[in-house]
Amino acid sequence: MPELVYTPLEDIEKKRTELRNGFKSGKLRSIEYRKYQLLQLTYLVKENAEKLEEALAADMGRPAIESRFIEVNGTITETLGAYNNVEKWAKPEKAPFNMTWFPMKPTVHKEPKGTVLIICPFNYPIWLSLGPIAGALAAGNTVLLKPSESTPATSTLLTELIAKYLDNDLVQVVNGAVAETTKLLELQWDHILYTGSGRVAKIVSAAAAKHLTPVTLELGGKSPVFVDPNCDLEVTAKRILWGKVVNAGQTCVAPDYVLVPRAFQSTLVEALKKQYAEFYPDGPQAKDAYARIVTPQAYNRIKGLVDGTKGKVAIGGETDAEGKYIAPTIVEDVPIGDSLLSEEIFGPVLPIVPVENVDEAIEYVNAHDHPLAIYIFSRDAEFKKKVLTSTQSGGVGINETVLHSGAEGLPFGGIGPSGSGYHTGKHTFDIFTHLRATIDNPSWVDRILSIRYPPYTAKKFKAIQGMQAKLPPKPKGPPTGAAGAGWQRWFVLALAVALAGGLTQRAKSIAGWITGGSARIA
Ligand code: NAD
């Protein structure tokens with residue numbers, strides 16, 4: 001395992017100055033140059049996929065197939081997506097047509113913010129560093145990357161490859177831990193994208209506030225799973241277990257705990273046991289079967305949570321401190337207030353919390369921080385709708401875990417304590433883009449708009465009053481009944497009157513009109 005060389009503290013400001021000069025050089029004003037860098041970035045991943053997978057295996061024991069599926073391929077999609085779309089994304093946009101403003105050519109220009117800082121966590125170090133770098137470069141920014149110190153092999157390799165493949169006037173890396181990040185945060189940046197824990201996010205936000213630097217926070221939290229007995233049991237067990245074991249549960253959107261009706265708990269646990277046996281015919285400790293915990297500190301934290309549980313270990317539970325190994329572990333009968341419900345687990349342990357019904361599950365989730373993800377396993381449209389409409393979360397997976405975070409085109413981000421702002425694809429480009437609004441007003445417009453100039457007269461006042469936007473009639477009171485159900489109410493009313501036989505021919509035709517002429521009213 002290579003030792004990660006920390007950047008000397010005295011070099012950090014110099015790097016920021018070089019990147020500021022890189023921004024001023026104007027290289028990235030050229031979309032062609034941005035595309036060149038984005039293609040270089042894509043080839044960085046493509047040509048070094050095996051090396052990157054080996055580094056991830058050295059840092060986290062992650063099987064290569066997992067790295068290829070969830071990280072390497074996803075990163076290529078991100079960087080290539082930026083390469084393919086940068087012209088479209090960066091193109092100025094005309095404001096929607098408006099009679100008053102159109103002569104002034106109101107336009108939105110997609111401008112870079114300047115020199116930006118990207119701080120990364122350890123768990124998906126390639127995707128969460130190179131994806132954001134692609135978005136920042138596509139938007140025309142220069143970038144300082146701070147990778148995690150907890151993945152020395154991957155951070156060392158990324159540092160080498162970025163120096164080799166990218167223009168170092170535009171992208172540089174600072175390696176280190178708290179001292180180096182603190183130094184970085186003392187400096188002024190034009191945007192900070194921080195991905196990591198809520199605890200450090202507060203430090204980052206406080207430091208950014210000193211310079212009024214805009215911040216995007218991609219955080220984590222406890223993502224619950226709602227299981228309805230009316231679900232596809234085998235698929236439910238398979239997808240929950242996969243979401244938990246991939247990268248040994250060190251995934252921001254890993255299912256954190258399961259809420260299940262008490263009477264259905266044992267059925268679900270049996271299905272999970274069956275899947276567990278299928279996933280690991282030679283046991284999870286076998287070579288290339290399953291990842292390891294990133295550091296001894298993280299291992300001790302997760303083990304401490306399991307040691308403190310009042311629930312019953314149904315599957316797994318085996319640990320090996322030297323190998324930083326914690327077997328995929330499912331704990332049933334976990335009571336409210338348990339150690340496993342006290343913080344984001346961020347490891348391969350899945351507590352199952354029995355509840356009376358879905359209402360109790362919803363109440364529990366709503367009494368805690370808005371999660372990064374909510375998962376719903378059900379075949380019942382009403383069940384899905386109930387959970388969706390009664391809760392808040394960054395995203396939702398219905399009959400799936402984890403995958404929504406990689407779905408192309410979808411924004412990925414939290415809400416409240418699980419984060420603010422959205423990344424991946426065009427959303428990452430938007431993080432690093434300033435929408436610069438312009439007008440270009442020809443002189444002839446003054447023939448109409450000279451009324452704004454002094455001296456102020458009663459005639460001008462009247463003319464300005466005439467320009468005021470027209471309002472709909474003032475409401476007589478708040479709307480009655482469910483919002484958005486207006487036409488249905490009228491339809492039901494018309495139907496009831498028609499059935500009662502009191503409808504005139506004229507009213508019948510109105511009812512027909514309301515329903516698009518398709519209803520037959522007897
Ligand atoms: P972390 O917060 O410990 O570290 C993230 C970064 O912050 C590292 O680069 C680290 O060097 C730096 N850092 C740590 N302590 C610091 C301090 N005191 N001052 C300044 N900088 C400091 O997070 P982690 O353990 O690497 O990652 C796990 C967390 O990240 C989980 O909460 C997970 O849910 C979250 N996460 C979120 C997303 C997302 O997209 N929403 C993705 C991956 C991980």
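The values are calculated or read from the model by the stated rules, or taken from the named source; none is laboratory data. Note that the coordinates shown come from a computational prediction; the quantities given were computed from them, not determined experimentally. Counting neighbours? That spans all protein chains shown, and the Cβs are built from the backbone with ideal geometry, glycine included. For accessibility, only protein heavy atoms count, side chains too; no ligands or nucleic acids. Shrake-Rupley method; radii C 1.70, N 1.55, O 1.52, S 1.80 Å.
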(request) Can you send over the carbon and sulfur percentage of the accessible area for the stretch 223-413, probe radius 1.4 Å, protein chains only? (result) 50
(request) Please identify every one of the trypsin sites (Lys or Arg not before Pro) in the stretch 333-440 that sits in a loop by DSSP and has no more than 13 other beta carbons within 10 Å of its own beta carbon. (result) Arg379
(request) Restrict the search to the stretch 274-336; then list the chymotrypsin sites (Phe, Trp or Tyr not before Pro) that DSSP places in a loop and that have at most 10 other Cβ atoms within 10 Å of their Cβ. (result) none
(message) For Cα pairs less than 8 Å apart in space and 6+ apart in sequence, what is the mean separation divided by the residue count of the stretch 223-413, i.e. the relative contact order in percent?
(response) 30
(message) Taking amide H atoms as placed 1.01 Å from N in the peptide plane, list the residues 5 or more away in sequence, or in a different chain, whose amide H sits under 5 Å from that of Gly397.
(response) Ile374, Tyr375, Ile376
(message) Which GluC sites (Glu not before Pro) in the stretch 78-119 sit in a loop by DSSP (not H, G, I, E or B) and have at most 13 other Cβ atoms within 10 Å of their own Cβ?
(response) none
(request) Amide H neighbours of Leu350 under 5 Å, at least 5 residues apart or on other chains, H built in the peptide plane: list them. (result) Thr329, Ile330, Val331
(message) Along the Cα→Cβ direction, 7 angstrom out, place labels at Asp446 and Arg262. What is the inter-label distance in nm?
(response) 8.1
(message) On a full-extension model of 0.36 nm per residue, what is the gain between Asn230 and Tyr456, subtracting their alpha-carbon distance, rounded to one decimal in nm?
(response) 74.2 nm
(request) Count the net charge of all other residues whose Cβ sits under 12 Å from the Cβ of Leu41, scoring Lys and Arg as +1 and Asp and Glu as -1. (result) +1
(request) Bin all alpha-carbon pair distances of the chain at 20 Å intervals from 0 and give each bin's fraction as a whole percent. (result) 19, 42, 28, 10, 0
(request) First select every other residue whose beta carbon is under 15 angstrom from the beta carbon of Tyr453; then total the charges, Lys and Arg +1, Asp and Glu -1. (result) +3
(message) Need the C-alpha centroid separation for the stretch 293-350 versus the stretch 53-122, integer Å.
(response) 35
(request) Count charges around Gly176 for me, please; just the other residues with Cβ under 10 Å from its Cβ, Lys/Arg as +1, Asp/Glu as -1. (result) 0
(request) Counting only DSSP beta bridges with both residues in the chain, tell me the antiparallel percent, nearest 5. (result) 30
(request) With a probe of 1.4 Å, find how much accessible area the chain has per residue, and write the answer as a whole number in Å². (result) 50
(message) Could you tell me the extents of the stretch 259-304's C-alpha atoms along the three principal axes, largest first, rounded to whole Å?
(response) 38, 27, 11
(message) Take Leu403 and Asn168, extend 7 Å from each Cα along the Cα→Cβ direction, and tell me the distance between the two endpoints in nm.
(response) 4.3
(message) If you restrict to DSSP beta bridges whose two residues both lie in the stretch 223-413, what percentage is antiparallel, to the nearest 5?
(response) 20
(request) With 10 Å bins from zero, work out the P(r) of the stretch 223-413 over every alpha carbon pair and list the percent per bin. (result) 9, 39, 38, 12, 1
(request) Please tell me the relative contact order of the stretch 152-215 in percent, rounded to the nearest whole number, where contacts are Cα pairs under 8 Å and at least six residues apart. (result) 27
(message) Please compute the contact order of the chain in relative form: average sequence separation of alpha-carbon pairs under 8 Å and at least six residues apart, divided by the residue count, as a percent.
(response) 16
(request) Just tell me, in residue order, which DSSP H segments of the chain are both 15 angstrom or longer along the helix axis (alpha-carbon based) and at least -1.0 in mean Kyte-Doolittle hydropathy. (result) 31-47, 49-60, 73-90, 127-138, 152-165, 198-211, 233-245, 265-279, 296-307, 486-499
